[in-house]
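Q: Sharing a structure below in structure tokens format, with a few things to ask.
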Number of protein chains: 2
Amino acid sequence: MLDDRKLAVLRAIVEDYVSTNEPVGSRALVDRHNLDVSPATIRNDMAVLEEQGYIVQPHTSAGRIPTDKGYRLFVDRLSAVKPMSAAERRAIETFLAGAYDLDDVVMRTVRLLAQLTRQVAVVQYPSLSKSAIRHVELVPLTDGRLLLVLITDTGRVEQRVVDMPASYDDDSITQLRAVLNACLDGRKLTDVAAVVADLPERVEPRERPNAAAVFSVILETLVARHEEKIVVGGASNLTAADFSQGLREVLEALEEQVVLMRLLGESDEISAVTVRIGAENDVRGLRSTSVVAAGYGSGDRPLAKLGVVGPTRMDYPTAMGAVRAVARYTGQILAES
Amino acid sequence: MLDDRKLAVLRAIVEDYVSTNEPVGSRALVDRHNLDVSPATIRNDMAVLEEQGYIVQPHTSAGRIPTDKGYRLFVDRLSAVKPMSAAERRAIETFLAGAYDLDDVVMRTVRLLAQLTRQVAVVQYPSLSKSAIRHVELVPLTDGRLLLVLITDTGRVEQRVVDMPASYDDDSITQLRAVLNACLDGRKLTDVAAVVADLPERVEPRERPNAAAVFSVILETLVARHEEKIVVGGASNLTAADFSQGLREVLEALEEQVVLMRLLGESDEISAVTVRIGAENDVRGLRSTSVVAAGYGSGDRPLAKLGVVGPTRMDYPTAMGAVRAVARYTGQILAES
DNA sequence: ACTTGGCACTCGGGAGTGCTGAGTGCCAGG
DNA sequence: CCTGGCACTCAGCACTCCCGAGTGCCAAGT
């Protein structure tokens, strides 16, 4: 149905349009790529491609531009992920290696990705629900309140204030802390719910109200409200690709944690780069953007996601290469700490 | 030199220009404000104001718009901070009261400020150097590494990885932890440097290398690299005020922590709202923006800054009111935890 | 059966033109 | 010192015109 030449034409259209941001016509096409046919032939091919919905004309007497469907075909069959050069890889490695804590790793990753791709970068913190607890700390505050600090094996630190219902002293806190650490240390956060159910039996009866308050805060931290933490960077790159009107919508969408989570998607295979083009991410206001994302993690399973957001008119091979590389190196760095 | 009517004219020009975003002419001025003189008279006044540099004409045969100098005069002498309505104050209070930890307070504050002013909001985390230590925790990681966790009285939690030069066991860590907490608890972070100098004497000789490593990381955390943490929100509001070309520059500037710090400025009086107009903040790329900022804090001295960034053509009285109110309530909330 | 050159057609966008209306500065009279 | 009147300026809009890029189609060539 689409012979090789037609595919080559589509590929050429995508490449040219991405690099020039102008509708590409039949003449320009034969000139720039060495197709050994005449413009007229190309026109026939383009007519077919348009009929099938891979390209469109913005207006009569203009060249063609790819549709979402066209980009999709391009990404799936007509392009290969462009690997990073050795120099780039070294730069990535040294830049990330300088990080000194989790916040810093995430911040550097976001910057790096934004700079490499010249797009907006989005990085999710290592998912709480997939981490294990490494340490639990209780710090007394004033007025019957405690600060609960959870430290995970990915270096993430979560803090919450707990209102204690009953009175307590240093000893009771020490005891509680010991119980918590004994029971929770090394546990996956998803397993904690089950463990916590058994905990009350391990503390003295008179401590139970306080203990219960702490437990419920732990559960609350893990599940409901505290979804996931996400960082965005390189927003200024949006001004290059002229969304003109849509810019506001895009910026608004990027400020919504929830939207970002949806955007990064769900795939569970580590280091697989996924691409969502235009309307494929059904987020209002991001219909004209594409997302290139990948999971990253320290072991076999992905801990979280990262990716870039840009106009559908995006250099997919390069973006995919950058996302893949950054995901790998960030995963490595996390594994080392 | 500038009589009352001329000042009134300037005020009217600023107000009209802010609300309409169009150069304001002499006729429109007498129509909308009830000045009891003719347009011709106003024209004479405007000629004087222009000569003095308070207003300019974008082009001949257009109305006048205020200059930075004009806005400055307006802010200093022609306007009053517009207080929030009771309803707004209640809304602010309840919105902030729902926060459950420091991160959440800061995030909510940023959102609130962006929403109230319809500008970009900037909030700095409570300054480390002005906080006191409430607790120090050491958590063993793998391979001779420790996670150092500092908890401050403002609820801020800082974490750093420490490479331990010598071997250690649980006991030595417990001892070190005790020493640290005994010596640092309640100390201002600015005083820590002095205290740390004495610490080595308090640990056993064979523990000193490890202790020294921890101490140096503490110092490092407080001073050099870890300046201050800043959160930005409401960037999409920038699209409303048409910077057109400058938008990219503004977005870039807002991604630079260092620039933001400079922007929020240095004033030490709490709850004083400061305004920097246009070129007054000598940051490249933000020459056409204004910053309205205030300190906020739990006690008498400000812990940190917050504010809004917008076009010089900004509703200063309202922005100042919102910034002042939010600074107060955020301070209160922090004081309670 | 595909490819190709030729040709008529379309139409966005830039350049040129004229008009209108808002706004000004100046001046002479109140 | 204020005011009405008047001449002047000029951005912006509407209108026209034209060019060039690009297309679709067709008939002829391989």
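The values are calculated or read from the model by the stated rules, or taken from the named source; none is laboratory data. What you see is a predicted model, and the numbers here were worked out from it, not measured in a lab. Glycine also receives a Cβ, built like all others from the backbone with ideal geometry; neighbour counts cover every protein chain displayed.
Q: Output the residue which, of all residues in the range A:183-213 that are within 14 Å of chain B (Cβ to nearest Cβ) and of a type in the set (A, V, I, L, M), is nearest to the chain's Cα centre (by Cα). I'd like the intermediate steps shown before the answer.
A: Keep residues of the range A:183-213 that are within 14 Å of chain B (Cβ to nearest Cβ), which gives A:184-186, A:213.
Keeping just the survivors that are of a type in the set (A, V, I, L, M) gives A:184, A:213.
Details: A:LEU184: 29, A:ALA213: 34 Å.
This residue is A:LEU184.
Q: How many residues does the range A:7-29 hold that are within 10 Å of DNA strand D (Cβ to nearest atom) and either of a type in the set (S, T, N, Q) or in contact with a Phe, Trp or Tyr (Cβ under 8 Å, 6 or more places away or on another chain) (or both)?
A: Residues in the range A:7-29 being within 10 Å of DNA strand D (Cβ to nearest atom) and either of a type in the set (S, T, N, Q) or in contact with a Phe, Trp or Tyr (Cβ under 8 Å, 6 or more places away or on another chain) (or both): 4 in total.
Q: What residue, of A:ALA47, A:ALA99, A:ALA121, A:ALA91, is over 25 Å from A:LYS305 (Cβ atoms) and hydrophobic (A, V, I, L, M, F, W, C)? It would help to see each step written out before you state the result.
A: Values: A:ALA99 fails: over 25 Å from A:LYS305 (Cβ atoms); A:ALA121 fails: over 25 Å from A:LYS305 (Cβ atoms); A:ALA91 fails: over 25 Å from A:LYS305 (Cβ atoms).
It is A:ALA47.
Q: Within the range B:83-103, how many residues are surrounded by fewer than 16 Cβ atoms within 10 Å (Cβ to Cβ) and either within 14 Å of chain A (Cβ to nearest Cβ) or closer than 22 Å to B:GLY265 by Cβ (or both)?
A: Adding up the residues that qualify gives 2.
Q: Same structure again: When you go through B:ARG108, B:ARG134 one by one, which is the residue that is closer than 30 Å to A:VAL139 by Cβ, more than 16 Å from DNA strand D (Cβ to nearest atom) and in contact with a strand residue (DSSP E or B) (Cβ under 6 Å, 6 or more places away or on another chain)? Working first, answer last.
A: Values: B:ARG108 fails: in contact with a strand residue (DSSP E or B) (Cβ under 6 Å, 6 or more places away or on another chain).
Among B:ARG108, B:ARG134, only B:ARG134 is closer than 30 Å to A:VAL139 by Cβ, more than 16 Å from DNA strand D (Cβ to nearest atom) and in contact with a strand residue (DSSP E or B) (Cβ under 6 Å, 6 or more places away or on another chain).
Q: Right, another one. Looking at (1) over 25 Å from B:ARG90 (Cβ atoms); (2) part of a loop (DSSP other than H, G, I, E, B), which one does B:SER298 not meet, given that it meets all the others?
A: (1)
Q: Conditions first: (1) touching a residue at least 24 places away in the same chain (Cβ under 8 Å); (2) over 32 Å from the mean Cα position of the chain (by Cα); (3) within 10 Å of DNA strand C (Cβ to nearest atom). B:LEU2 passes all but one, so which condition is the exception?
A: Only one criterion in (1) touching a residue at least 24 places away in the same chain (Cβ under 8 Å); (2) over 32 Å from the mean Cα position of the chain (by Cα); (3) within 10 Å of DNA strand C (Cβ to nearest atom) is unmet by B:LEU2, namely (3).
Q: Follow-up. From B:THR109, B:THR94, B:THR152, B:THR142, grab the single residue that is in contact with a Pro (Cβ under 8 Å, 6 or more places away or on another chain) and of a type in the set (Val, Ile, Thr). It would help to see each step written out before you state the result.
A: On the way: B:THR109 fails: in contact with a Pro (Cβ under 8 Å, 6 or more places away or on another chain); B:THR94 fails: in contact with a Pro (Cβ under 8 Å, 6 or more places away or on another chain); B:THR142 fails: in contact with a Pro (Cβ under 8 Å, 6 or more places away or on another chain).
Exactly one of B:THR109, B:THR94, B:THR152, B:THR142 is in contact with a Pro (Cβ under 8 Å, 6 or more places away or on another chain) and of a type in the set (Val, Ile, Thr), namely B:THR152.
Q: Check the range A:18-33 and report whether any residue there is in a helix (DSSP H, G or I) and under 30 Å from A:ARG328 (Cβ atoms). Give the steps one after another, and end with the answer.
A: Taking the range A:18-33 first, the residues in a helix (DSSP H, G or I) are A:18-20, A:26-32.
Remaining after also requiring under 30 Å from A:ARG328 (Cβ atoms): A:18-19.
For the range A:18-33, residues in a helix (DSSP H, G or I) and under 30 Å from A:ARG328 (Cβ atoms): present.
Q: Of the conditions (1) under 25 Å from B:ASP143 (Cα atoms); (2) aromatic (Phe, Trp, Tyr); (3) over 12 Å from the mean Cα position of the chain (by Cα), A:TYR316 fails just one. Which one is it?
A: (1)
Q: Quick check on the range B:173-232: of everything there that is part of a helix (DSSP H, G or I) and basic (Lys, Arg), which residue is modelled with the lowest pLDDT? Let's see the steps before the verdict.
A: Start the filter on the range B:173-232 by keeping residues that are part of a helix (DSSP H, G or I), which leaves B:173-184, B:189-202, B:205-222.
Add one more test, that the residue is basic (Lys, Arg), and what stays is B:177, B:202, B:206, B:208.
Working: B:ARG177: 86, B:ARG202: 74, B:ARG206: 77, B:ARG208: 81.
So the residue we want is B:ARG202.
Q: Kindly indicate which of A:ALA294, A:ALA304, A:ALA253, A:ALA322 is in contact (Cβ under 8 Å) with a residue 60 or more places away in the chain and touching a helix residue (DSSP H, G or I) at 6+ places or on another chain (Cβ under 6 Å).
A: On the way: A:ALA294 fails: in contact (Cβ under 8 Å) with a residue 60 or more places away in the chain; A:ALA304 fails: touching a helix residue (DSSP H, G or I) at 6+ places or on another chain (Cβ under 6 Å); A:ALA253 fails: in contact (Cβ under 8 Å) with a residue 60 or more places away in the chain.
None of the other options fit; the residue is A:ALA322.
Q: So, one more: Between a first residue in the range A:26-50 that is hydrophobic (A, V, I, L, M, F, W, C) and a second residue that is more than 10 Å from DNA strand D (Cβ to nearest atom) and at pLDDT below 90, which pairs have beta carbons less than 8 Å apart while being 6 or more apart in sequence or on different chains?
A: Taking only residues 6 or more apart or on different chains, the pairs are A:LEU29/A:LEU35; A:ILE42/A:LEU35; A:VAL48/A:LEU2; A:LEU49/A:LEU2.
Q: Is it true that A:GLY70 is more than 14 Å from every other protein chain (Cβ to nearest Cβ), among the small types (Gly, Ala, Ser), within 16 Å of DNA strand D (Cβ to nearest atom) and in contact (Cβ under 8 Å) with a residue 40 or more places away in the chain? Working first, answer last.
A: On the way: more than 14 Å from every other protein chain (Cβ to nearest Cβ): yes; among the small types (Gly, Ala, Ser): yes; within 16 Å of DNA strand D (Cβ to nearest atom): yes; in contact (Cβ under 8 Å) with a residue 40 or more places away in the chain: yes.
For A:GLY70, the condition - more than 14 Å from every other protein chain (Cβ to nearest Cβ), among the small types (Gly, Ala, Ser), within 16 Å of DNA strand D (Cβ to nearest atom) and in contact (Cβ under 8 Å) with a residue 40 or more places away in the chain - is met.
Q: Within the range B:67-75, identify whether any single residue is among the β-branched types (Val, Ile, Thr) and at pLDDT below 95, and answer yes or no. Let's see the steps before the verdict.
A: Here is the first cut: in the range B:67-75, the residues among the β-branched types (Val, Ile, Thr) are B:67, B:75.
Now drop any that are not at pLDDT below 95, which leaves none.
No.
Q: Yes or no: the range B:226-237 includes at least one residue that is more than 27 Å from B:GLY331 (Cβ to Cβ) and not small (Gly, Ala, Ser).
A: Within the range B:226-237, not a single residue is more than 27 Å from B:GLY331 (Cβ to Cβ) and not small (Gly, Ala, Ser).
Q: Just wondering, is there one or more residues in the range B:76-98 that are without any contact (Cβ under 8 Å) to a residue 60 or more places away in the chain, assigned to a loop (DSSP other than H, G, I, E, B) and within 13 Å of DNA strand C (Cβ to nearest atom)? It would help to see each step written out before you state the result.
A: If we filter the range B:76-98 for residues that are without any contact (Cβ under 8 Å) to a residue 60 or more places away in the chain, which is where we start, we get B:76, B:85-87, B:90-91, B:94-95, B:98.
Filter again for assigned to a loop (DSSP other than H, G, I, E, B), leaving B:85, B:98.
Keeping just the survivors that are within 13 Å of DNA strand C (Cβ to nearest atom) gives none.
No, the range B:76-98 has no match at all.
Q: Identify the single condition in (1) under 14 Å from the mean Cα position of the chain (by Cα); (2) surrounded by fewer than 23 Cβ atoms within 10 Å (Cβ to Cβ) that A:GLY278 does not satisfy, given that it satisfies every other one.
A: (1)
Q: Go through the range B:30-56 and give me each residue that's more than 8 Å from DNA strand D (Cβ to nearest atom), of a type in the set (Asp, Glu) and more than 21 Å from B:VAL75 (Cα to Cα).
A: B:ASP31, the sole residue that qualifies.
Q: Tell me, which strands (runs of 3 or more DSSP E) lie completely within the range A:116-163 with 1 or more residues that are within 12 Å of chain B (Cβ to nearest Cβ) and free of Cβ contacts under 8 Å to residues at least 12 places away in the same chain? Step through it out loud before you land on a result.
A: On the way: elements: A:120-124, A:133-140, A:145-152, A:157-163.
Per the criteria, A:133-140.
Q: Which of (1) at pLDDT 80 or above; (2) closer than 28 Å to A:ARG134 by Cα; (3) surrounded by fewer than 21 Cβ atoms within 10 Å (Cβ to Cβ) is the odd one out, the single condition B:ARG118 does not satisfy?
A: Failing condition for B:ARG118: (2).
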